[in-house]
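In what follows, a structure is listed as structure tokens, so that the remarks can point back to it.
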Amino acid sequence: MCCDLKRRFLLLYATQKGQAKAIAEEIWQQAGVHGLEADMHCISEMDKYNLETEKDPVVIVISTTGTGDPPDTARKFVKKIQDATLPPDHFAHLQYGLLGLGDSEYTFFCNGGKTVDQRLQELGAQHFYDTGLADDCVGLELVVDPWIDGLWLALREAFLLQKEKEGMSSDTNAVSSTLSAAPHVMHELNLSSEVQNLKLEDEGVLSQKLIDIHLVASARDTEPSLVHSVPPLSQSALNIPALPPEYIEVRFQDAHGENPHLSSLISEGTIFEVPVTKAVQLTREDAIKTALLLELDIADTVFDYQPGDAFCVICPNNVNEVEELLHILELPEKGECFVCVKVKQGTKKKGAVNPQHIPERSTLKFILTWCLEIRAIPKKAFLRALVECTSDAGEKRRLQELCSRQGASDYTHFIRESNVCLLDLLHAFPSCKPSLNLLIEHLPKLQARSYSVSSSNLYQPGKLWFLFNIVEFPACPARPVSRKGVCTGWLAELVAPLLHPSKNTLDTKGGSHSTEKISIFVRPNNTFHLPADPSVPFMMVGPGTGISPFIGFLQHRQKLREEHTDWEFGETWLFFGCRHQDRDYLFKQLGCFLENGTLTHLKVCFSRDSSAAEVAPPKYVQDVIRLYAKEVARVLLKEGGYFYVCGDKKHMADGVSDAVVDILSMEMEVDKLEAMKILATLREAKRYLQDVWS
């Protein structure tokens, strides 16, 4: 096809962790097959495109971060289009389609995409294709794949309409025939792909017999697993993604020099290297989860925070897993060698650049330890690339199944839900021998981990507390070894010499001091703060480690009460819950806040403790809240109070939200739908606030 017949569309992506960019790159690749040219840019690169003058269709892929914010790369763009002085026809010329990415575990699902979509509509832009909202909770591909499939017909119709508007009907037939040919091209590709998948190549020889043997062996097993499938998948022709073009070249250099400072890996703000001064285990040894409270010394820094803020910890990958990966890659002697990472000359990847999270020069071990998320769940594009590195025919077929459209449910069950990572795959498929450049291309950036502050700088200047459970990933059929969380496991090992398992106390005076330091940076929370007016009442719901920010709230409130005896302070409620009163009741000294009047009401529950009472006590915080329906309604509706929820989203925060809806419905004598609208109004007014995780 001649280049001058290719029709252009603008493709923008806004990504936080790389998902949206990867999907945009998939669209860009498929565009060529359909005879189109996708002009792809990050939405932050506003010097490379101009929506005010854009005449061609625009496709936007945008993720959501935090509790519903647009990704960092979209902040300037969103600020620009939210300018209140823009007229309602500002984008009247614009045709666009938008694909939003999100996680329904969070209240403001796909809010990044919804925010942009709504504002573009308000400014007169028109959809040429319906908005898609993909849910990472169940698998993005369930929406992403069919949305991309339907995009090409929508673009075809948009181009035809554009031609008609331009009065260039003479070109319409040419454009129509060009685009209508595309489905035939794709059909031929699919057929070709099916032949390739059914006849895998082993050392240059078509080995259909090996595939037949594999299928017969798989059929003996009635249940599928990570490494084998059962009919109908094991006998299906497959639609697999296009092979992502390689674009990274890695060269080993000498072993002399220094690795970059960790601060060079972070662009979000100022990095502070601070000592861990104390560590306390707040749970008994026989508790189901282990909770640790750490104290950091920030006295010699300008690190500032408010109760309710979060901060991020820069953490490394597990040292044993890094060594294991080096061994599997057959590079155990190269760990301390410096490597130079460059874009591969002649790569077919559009706009290929060095990953920003990979230093220009560092050791291989530094990259695997501090730069790449080796625990990341592999995306389908990565699985597709691993197919080409796998020599065993049966293993090759299974990897193809897992990245295919037909194998979507197997991918969800055996990869996503099982938290399988690259190391697990390399153990399960031993003939897979990926190159180092492939790992750098496909493994995402190792993200800093976020934690809520558990203290008040006013109450204890120069100190910062934070609380966390040590995350455990038990062994399962897809992953034969158990693991701890990347950051929580590292922190637990780091502070092990400081731990005092027998001390469950807020007063951590005394104890050993550590010379260990960790690197942190602040991540301010713009809304999850105490009411500006201290006379306003508020309620806090924080079971388990969800109590973390509320310790800071209460410390701050206590200090204010001491310093301003003439102020009026509103009543405070805390609903706390855990499994066992004697094993994991974090901060039993909450009674001190109750005694000195900082905390007006403390309500606790224990979900796993047995009771001899005739009427069983409530097990969960949402059950306790229902017992105080009139008080909840009074604080929220009559006194203009605040309601804070912190902790697990799926198993707690949703239950609390349902309880509040029922309370509003009952106390106001309205139906449930009206009560839900009232709660939505409270959310918008920033008086019902959540800090939750999935």
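Figures for the structure shown
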quantity	calculated
For peptides 395-402, 373-380, sequence by mean Cβ density within 10 Å, most packed first	395-402, 373-380
Surface accessible to a 1.4 Å probe, per residue, for the residues of the chain, Å²	46
Segment 385-506: radius of gyration over Cα atoms, expressed as a fraction of 2.2 N^0.38 Å	1.49
For segment 218-262, average projected area of the Cα convex hull in nm²	7.6
log10 of Debye I(q)/I(0), alpha-carbon scatterers only, for segment 243-303 at 0.29 Å⁻¹	-1.16
Segment 76-132: C-alpha pair distances exceeding 20 Å, %	27
Global form of segment 654-694, assessed from the alpha-carbon gyration tensor, a/c cut-off 1.5	oblate
Relative contact order computed over segment 316-446 (Cα-Cα under 8 Å; 6+ residues apart), in percent	30
For segment 7-162, the Rg and Dmax computed from alpha carbons only, in angstrom	14.5, 42
Translational D in µm²/s for the chain (Stokes-Einstein at 25 °C, 0.890 mPa s, Kirkwood Rh from C-alpha pairs)	87
Convex hull per residue volume in Å³, alpha carbons only, for segment 417-567	190
Nitroxide proxy distance, nm - points 7 Å out along Cα→Cβ at residue 285 and residue 47	6.2
Distance between modelled label sites at residue 637 and residue 582, nm, 7 Å Cα→Cβ extension	4.3
Volume per residue that the Cα convex hull of segment 316-446 spans, once the total is divided by residue count, Å³	118
Stokes-Einstein D for segment 538-692, Kirkwood Rh over Cα pairs, 20 °C, 1.002 mPa s (µm²/s)	132
Sorted peptide list for 451-458, 235-242, criterion being average Cβ within 10 angstrom, highest first	451-458, 235-242
Cα-derived Rg to Rh of segment 50-106, Kirkwood definition	1.01
Highest-first arrangement of 58-71, 572-585, where packing means the average Cβ count within 10 Å	58-71, 572-585
Taking the chain and dividing mean pair separation by its residue count, relative contact order in percent (alpha carbons under 8 Å, at least six apart)	12
Fraction of accessible area attributable to carbon and sulfur, the chain (%, probe 1.4 Å)	51
Value of [θ]222 nm, deg cm²/dmol, for the chain, DSSP H segments ≥ 4, -39500 (n - 2.57) each, nearest 500	-9500 deg cm²/dmol
Mean Cα-pair separation over length for segment 7-162, i.e. relative contact order, pairs under 8 Å, 6 or more apart, %	22
At least 20 Å along the helix axis (C-alpha) and Kyte average at least -0.5, DSSP helices within the chain	19-33, 141-166, 172-198, 654-668
Spin-label pair residue 130/residue 607, simplified geometry with 7 Å Cα→Cβ offset, distance in nm	3.7
Too-long pairs where the Cα-Cα distance tops 21 Å, listed order kept, from 76/379; 334/433; 55/348; 350/396; 114/677; 289/650	76/379; 55/348; 350/396
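The values are calculated or read from the model by the stated rules, or taken from the named source; none is laboratory data. The shown structure was predicted, so the numbers you read here are calculated from the model rather than taken from an experiment. Heads up, the Cβs are rebuilt from the backbone with ideal geometry, glycines too, and the neighbour counts pull from every protein chain shown. Note: accessible area is taken over every heavy atom of the protein model, side chains too, but ligands, DNA and RNA are not part of it. Shrake-Rupley method; radii C 1.70, N 1.55, O 1.52, S 1.80 Å.
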